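S.K.: Handing you this structure, nothing more for now.
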Amino acid sequence: MSKRTDIIGRITTNIAAHTNYSISEELPFDSGGIPLYTKNLNTIYVDQQEIAVEELYSTLDQGVVNETTTTINAYLAVDAKNQFSDIDTVVANLLIARNVITGTVESTSDYETEIAEDVITYTFEYNFITV
Amino acid sequence: MAVINVTSGNQAILTLGSNAALAVPGNAGGLVVPFVQDITINATPGTVRYSTLDSTSSSAFTTVNENSVSLNILVDETVMFGDDSGNVNTVIDRGLFRTSTDKTEINFSVLVTGTGTTGDIYIAGKGFIGGLAPTASIDGAVWLSPVELICNGELTQTVES
């Protein structure tokens, strides 16, 4: 099971009590070059995971221990003027969804916001480093 | 003249054995220590310095050599803790950790060049395993440990024939 699938599963659980929001597993999530999350407000979209592999240790007998960094972005757009009262809780739940991924050296999540035409877009980034 | 490139994976190989023959590079019964990050051969003559009234600089004479081999490894479970197979090479049987705590003298060789074939140079000696300090951290992700081979006697340089 991919980390993206795990994240989607945990987000689904975490927002189950927040009925104003939903999550889509759809890929890709754009229509005519326009991201669907800007059309479907309050719906969370999770992008395909990106993976980078770097050498953590190398040894004289050509042994190599690699570390793998998996990055997943998620998007949520809401009406900037009429946000639901539980938006902060939902955002917090999205951030802690990273805890579903275990066996990591490092696990981080953060988000940025951008406002355009009365829509505020939350862009979440999850990073997982495994060895 | 040429520098010795160690990136091919068949130089700087440490082989351990419970006797000198087992520790010769290429001996199938030897324990080749895997996952060595770096290795240092210390061949150091002991010295005593003294001063005399007729000289503006100090003089020295040598005493005994103090030799050792130090390295850092990623810990391999079988090599560190042994396979308890009853192998005639007791370093394989007992592993580095118990060979160290047992204070068992072992033989070793460090292959400097090549793969243990004709013309290749290796340094050999005997001594005790010390300096084990396995360390684990979440950042490091794997167990790491320094190792020191404290030599009992002289190091010898051998050219494979």
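S.K.: Out of the residues in the range A:110-124 that are surrounded by 15 or more Cβ atoms within 10 Å (Cβ to Cβ) and under 14 Å from the mean Cα position of the chain (by Cα), state the one that is farthest from the other protein chains (Cβ to nearest Cβ).
M.R.: At the first step, the residues of the range A:110-124 found to be surrounded by 15 or more Cβ atoms within 10 Å (Cβ to Cβ) are A:111, A:119-124.
With the extra rule that they be under 14 Å from the mean Cα position of the chain (by Cα), the set shrinks to A:111, A:121-124.
Values: A:Tyr111: 24, A:Thr121: 33, A:Tyr122: 29, A:Thr123: 28, A:Phe124: 24 Å.
The residue in question is A:Thr121.
S.K.: Please tell me if B:Thr99 is surrounded by fewer than 18 Cβ atoms within 10 Å (Cβ to Cβ) and in contact (Cβ under 8 Å) with a residue 12 or more places away in the chain. Walk me through how you get there before you give the answer.
M.R.: Values: surrounded by fewer than 18 Cβ atoms within 10 Å (Cβ to Cβ): no; in contact (Cβ under 8 Å) with a residue 12 or more places away in the chain: yes.
No, not satisfied.
S.K.: Then there is this: Which of (1) under 16 Å from the mean Cα position of the chain (by Cα); (2) within 14 Å of chain A (Cβ to nearest Cβ) is the odd one out, the single condition B:Ser109 does not satisfy?
M.R.: So B:Ser109 meets the others, but not (2).
S.K.: Condition check: within 16 Å of the chain's Cα centre (by Cα), away from every other protein chain (no Cβ under 14 Å) and either within 24 Å of A:Asn40 (Cβ to Cβ) or of a type in the set (Phe, Trp, Tyr) (or both). Does A:Ile101 satisfy that?
M.R.: Details: within 16 Å of the chain's Cα centre (by Cα): yes; away from every other protein chain (no Cβ under 14 Å): yes; either within 24 Å of A:Asn40 (Cβ to Cβ) or of a type in the set (Phe, Trp, Tyr) (or both): no.
Considered against the rule, which asks whether it is within 16 Å of the chain's Cα centre (by Cα), away from every other protein chain (no Cβ under 14 Å) and either within 24 Å of A:Asn40 (Cβ to Cβ) or of a type in the set (Phe, Trp, Tyr) (or both), A:Ile101 comes out as no.
S.K.: Right, here's the next one. Determine whether A:Glu26 is farther than 20 Å from A:Tyr111 by Cβ, loosely packed, with under 14 Cβ neighbours inside 10 Å and modelled with pLDDT under 95. Before the answer, list the steps.
M.R.: Values: farther than 20 Å from A:Tyr111 by Cβ: yes; loosely packed, with under 14 Cβ neighbours inside 10 Å: yes; modelled with pLDDT under 95: yes.
Judged against the criteria, A:Glu26 is a match.
S.K.: Of all residues in the range A:62-86, count the ones that are crowded, with 18+ Cβ neighbours inside 10 Å and over 19 Å from A:Leu36 (Cα atoms). Break it down into steps so the answer makes sense when it comes.
M.R.: Going through the range A:62-86, the residues crowded, with 18+ Cβ neighbours inside 10 Å turn out to be A:70, A:72, A:74-78.
From what is left, the residues that are over 19 Å from A:Leu36 (Cα atoms) are A:70.
The qualifying residues number 1.
S.K.: Here's a follow-up. Any residue at all in the range A:88-95 that's within 14 Å of chain B (Cβ to nearest Cβ), over 11 Å from the mean Cα position of the chain (by Cα) and free of Cβ contacts under 8 Å to residues at least 24 places away in the same chain?
M.R.: Residues of the range A:88-95 that are within 14 Å of chain B (Cβ to nearest Cβ), as a first pass: none.
No, every residue in the range A:88-95 fails to be within 14 Å of chain B (Cβ to nearest Cβ), over 11 Å from the mean Cα position of the chain (by Cα) and free of Cβ contacts under 8 Å to residues at least 24 places away in the same chain.
S.K.: Which number in (1) under 18 Å from A:Glu25 (Cβ atoms); (2) polar (S, T, N, Q); (3) without any contact (Cβ under 8 Å) to a residue 60 or more places away in the chain marks the one condition that A:Thr102 misses?
M.R.: Status for A:Thr102: all satisfied but (1).
Each row is one residue, and each column tells you yes or no for (1) in contact with a Ser or Thr (Cβ under 8 Å, 6 or more places away or on another chain); (2) within 14 Å of chain A (Cβ to nearest Cβ); (3) assigned to a strand (DSSP E or B).
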site: B:Phe61; (1), (2), (3): yes, no, yes
site: B:Val79; (1), (2), (3): no, yes, no
site: B:Asp83; (1), (2), (3): no, no, no
site: B:Gly86; (1), (2), (3): no, no, no
site: B:Ser100; (1), (2), (3): no, no, no
site: B:Lys126; (1), (2), (3): no, no, yes
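S.K.: Return the residues of the range A:97-131 that are aliphatic (A, V, I, L, M) and on the phi > 0 side of the Ramachandran plot; say none if nothing qualifies. Working first, answer last.
M.R.: Going through the range A:97-131, the residues aliphatic (A, V, I, L, M) turn out to be A:97, A:100-101, A:105, A:115-116, A:119-120, A:129, A:131.
Within the range A:97-131, none qualify.
S.K.: Looking at (1) within 29 Å of B:Ser161 (Cβ to Cβ); (2) modelled with pLDDT under 95; (3) outside any strand (DSSP E or B); (4) touching an Asp or Glu at 6+ places or on another chain (Cβ under 9 Å), which is the only condition B:Tyr122 fails?
M.R.: The number of the failed condition is (3).
S.K.: I'd like the full set of residues that are among the hydroxyl-bearing types (Ser, Thr, Tyr) and more than 13 Å from chain A (Cβ to nearest Cβ), limited to the range B:28-51. Break it down into steps so the answer makes sense when it comes.
M.R.: Step one: of the range B:28-51, the residues among the hydroxyl-bearing types (Ser, Thr, Tyr) are B:40, B:44, B:47, B:50-51.
Hits for the range B:28-51 are B:Thr44, B:Thr47, B:Tyr50, B:Ser51.
S.K.: Could you list all residues from the range B:1-27 that are of a type in the set (Ser, Thr, Tyr) and within 14 Å of another protein chain (Cβ to nearest Cβ)?
M.R.: Here is the first cut: in the range B:1-27, the ones of a type in the set (Ser, Thr, Tyr) are B:7-8, B:15, B:18.
Residues satisfying the conditions are B:Thr7, B:Ser8, B:Thr15.
The values are calculated or read from the model by the stated rules, or taken from the named source; none is laboratory data. Predicted model, so just to flag it, every value in this text is computed and none were measured. Neighbour counts run over all protein chains shown; Cβ positions are idealised from the backbone, glycine included.
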